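Working notes, structure below.
Each reported figure results from applying straightforward, stated rules to the coordinates on display, with no laboratory input. Bear in mind that the values here come from a model prediction, so they are computed numbers and not experimental data. Because the Cβ atoms are built from the backbone with ideal geometry, glycine has one as well, and the counts that use them run over all protein chains shown.
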Amino acid sequence: MRPPNAEPMLPGLFRQLFPAVAGLPLGPLLTLSLRSLARRRPGLFERLGESRSACFGIDPVDLAFAFRVVPEGQRSSVRVVSKDEAARSDVQIKGPLLTLLGLLDGTLDGDAMFFSRVISISGRTEAVLALRNTIEDAELRPADLLGLHGILARCVDTGVLGALSIARRLADKNPSGAREA
């Protein structure tokens with residue numbers, strides 16, 4: 001069992017399956033997904049205000065790569081980058097992948113994760129607040145990001161959220177997944 005404020009890290013096997021090159025196809029796929037979401041729900045991106053043009057460095061600490069995200073509506077972009085390049089973004093958000101995904105799907109509270117030091121945030125705080133408020137109000141589900149509806153959407157949501165729950169339980173039980181000092 002991990003200590004209460006320890007980061008729930010991906011088990012070592014999963015970390016080994018995702019070397020830096022494995023993330024490269026994610027950039028274009030996530031860009032398409034974000035742009036599709038912008039077409040379907042433009043209000044989400046408008047809510048970001050001036051922060052739409054901010055560059056967010058998202059650094060899953062348990063993966064070998066990071067992301068640079070610019071949420072500019074239909075011109076949004078997501079790039080897989082090195083950890084150093086992500087650190088040069090307007091905003092840096094660091095934490096375990098499962099925690100970052102939990103913030104996105106609403107299963108975890110961003111304030112609680114920040115104050116317990118599971119995630120760290122630096123850079124333009126107004127952009128972070130705008131992003132947090134937008135994500136919380138959006139109540140996004142995995143199917144929303146994929147543009148799915150109906151029974152297929154419910155199946156995807158159930159499958160993805162179930163898989164994340166299992167991964168979190170595995171991370172909780174995996175002492176070797178604890179972050180090394």
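Quick notes
- Residue separation of Ile166 and Leu26 scaled by 0.36 nm, minus their Cα-Cα distance, works out to 48.2 nm of gained length.
- Sorted peptide list for 147-157, 114-124, 95-105, criterion being average Cβ within 10 angstrom, highest first: 95-105, 114-124, 147-157
- DSSP beta bridge pairing in the stretch 12-176, given as percent antiparallel to the nearest 5: 70
- Label-point separation in nm, Ser53 to Phe115, each point 7 Å along Cα→Cβ: 3.5
- Cα gyration tensor category, rounded, prolate or oblate, for the stretch 93-136 with a/c compared to 1.5: oblate
- Between the amide H of Glu72 and those of Ser77, distances stay under 5 Å, these residues lying 5 or more places away or on another chain, with hydrogens modeled in the peptide plane.
- Take 165-171, 63-69 and order them by the average number of nearby Cβ atoms within 10 Å per residue, most first; the result is 63-69, 165-171.
- Model label points for Ser77 and Glu136, set 7 angstrom from Cα along the Cα-to-Cβ axis, are 3.1 nm apart.
- Sequence-ordered 3J(HN,Hα) estimates for the stretch 108-118 from the Karplus curve with 6.51, -1.76 and 1.60 and θ = phi - 60° stand at 10, 8, x, 4, 4, 5, 5, 6, 8, 6, 6 Hz, glycine and proline given as x.
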